[in-house]
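What follows is a single structure, written as structure tokens, with notes after it.
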Amino acid sequence: MKKFAVIGHPIGHTKSPVLHEAGFIELEIDATFEAVEVAPGDLASWVNGEFRNYHGVAVTIPHKEALLPLVQKLSPAAEAIGAVNTLYWEEDVICGTNTDCLGALRAIQSELPVLEGKKVLVLGAGGAARAVVFALKTAGAVTAIWNRTTDKAIKLAADFEIDPVESLSSLNPDNFDVIINATSVGLREWKSVLPADFWSPHHVAFDMVYDPLETKFLSDAAEAEAPCVTGDKMLVGQALEQFKLWHGVELEPEVMGTAFFQ
């Protein structure tokens, strides 16, 4: 029996086990998937020791950036984003990649399949923002970045050669096709970084927050009749990419999509 896990601190909130276990059942894969609490101070010893008991491991907060120096072989995506959310083996080599970018891309393309030339505003400059900016650039979108701490937005913009936005009030909303919330605003609070009158029907709104799925950001967008993409789409999308990497098979998105709500 193959063993898989997700590591983080804290880890009680994770939906990774239920998503992957749904795939095991669907495709009759003999495997287990557990949630493992790993404190930041124990990360290095866990990767160099306990990880040998697993065929693959998903990674969540706060370990994604801390893993970089512990991984022996990084994918181009993980290197560019500066974060690892997936560990796997090649022979005896510890490898790390980032499927968050593909998860974000899958989510956005559920409403807007072609992103080439589309103008996108990303709100936030943390790890989630870096993943989605990498995905957007790969897809040929024209991206601008805003963050509450302007210096972080400027640094991320420089890393990916995109435009930083210093003030939301200076923006013309009509200049954007897609608006993405990659901040923590809206996480268990009824707040949005954008005023309600920012939205128009031609926008596509995507909120990476998935707890709760209904956020003020998306509620305001929906009120303006803008199409909305909820955070579960990205979570499921990145898990599907992990599943394909670890097992070498494609899983129907509906399998994990349904499991998310269990």
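Just to be sure before I move on: is Ala239 in contact with a Leu (Cβ under 9 Å, 6 or more places away or on another chain), part of a helix (DSSP H, G or I) and surrounded by fewer than 23 Cβ atoms within 10 Å (Cβ to Cβ) in the structure I sent?
So Ala239 fails the test.
Return only the number of the condition from (1) surrounded by 18 or more Cβ atoms within 10 Å (Cβ to Cβ); (2) closer than 19 Å to Val93 by Cβ; (3) not hydrophobic (A, V, I, L, M, F, W, C) that Lys64 does not satisfy.
Failing condition for Lys64: (2).
Can you tell me which residue is nearest to Lys137 (Cα to Cα) among those in the range 76-102 that are small (Gly, Ala, Ser) and in contact with a Gly (Cβ under 7 Å, 6 or more places away or on another chain)?
Ranking the candidates gives Ala78 first.
Just wondering, is there one or more residues in the range 78-93 that are surrounded by fewer than 22 Cβ atoms within 10 Å (Cβ to Cβ), assigned by TED's automatic domain parsing to the domain that holds Asn172 and in a strand (DSSP E or B)?
So far as the range 78-93 goes, no, none of its residues is surrounded by fewer than 22 Cβ atoms within 10 Å (Cβ to Cβ), assigned by TED's automatic domain parsing to the domain that holds Asn172 and in a strand (DSSP E or B).
So if I check each of His63, His20, which one is touching a residue at least 40 places away in the same chain (Cβ under 8 Å), in contact with a strand residue (DSSP E or B) (Cβ under 7 Å, 6 or more places away or on another chain) and in a loop (DSSP other than H, G, I, E, B)?
Matching residue, one of His63, His20: His63.
Mind listing whichever residues of the range 23-60 are assigned to a loop (DSSP other than H, G, I, E, B), within 22 Å of Gln262 (Cβ to Cβ) and not β-branched (Val, Ile, Thr)?
Glu28, Asp30
Across the range 3-27, which residue is surrounded by the most Cβ atoms within 10 Å (Cβ to Cβ) among those that are under 17 Å from Ile61 (Cα atoms) and hydrophobic (A, V, I, L, M, F, W, C)?
The selected residue is Ile7.
Just wondering, is there one or more residues in the range 97-118 that are part of a strand (DSSP E or B), crowded, with 17+ Cβ neighbours inside 10 Å and of a type outside the set (Lys, Arg)?
Yes, the conditions are met somewhere in the range 97-118.
State the number of residues belonging to the range 206-262 that are more than 30 Å from Ala196 (Cα to Cα) and of a type outside the set (Ser, Thr, Tyr).
20
Scan (1) part of a helix (DSSP H, G or I); (2) touching a helix residue (DSSP H, G or I) at 6+ places or on another chain (Cβ under 9 Å); (3) at pLDDT 95 or above; (4) not polar (S, T, N, Q) for the single condition Ala158 breaks and write down its number.
Against the list (1) part of a helix (DSSP H, G or I); (2) touching a helix residue (DSSP H, G or I) at 6+ places or on another chain (Cβ under 9 Å); (3) at pLDDT 95 or above; (4) not polar (S, T, N, Q), Ala158 comes up short only on (2).
Mind listing just one residue for me: the one in the range 196-224 that is surrounded by 15 or more Cβ atoms within 10 Å (Cβ to Cβ) and among the hydroxyl-bearing types (Ser, Thr, Tyr) and, of those, modelled with the lowest pLDDT?
Step by step, filter the range 196-224, then rank; the result is Tyr210.
The values are calculated or read from the model by the stated rules, or taken from the named source; none is laboratory data. In this text the structure is predicted, and so the values were computed from the model without any measurement. Virtual Cβ from ideal backbone geometry, glycine too; neighbours counted across all protein chains shown.
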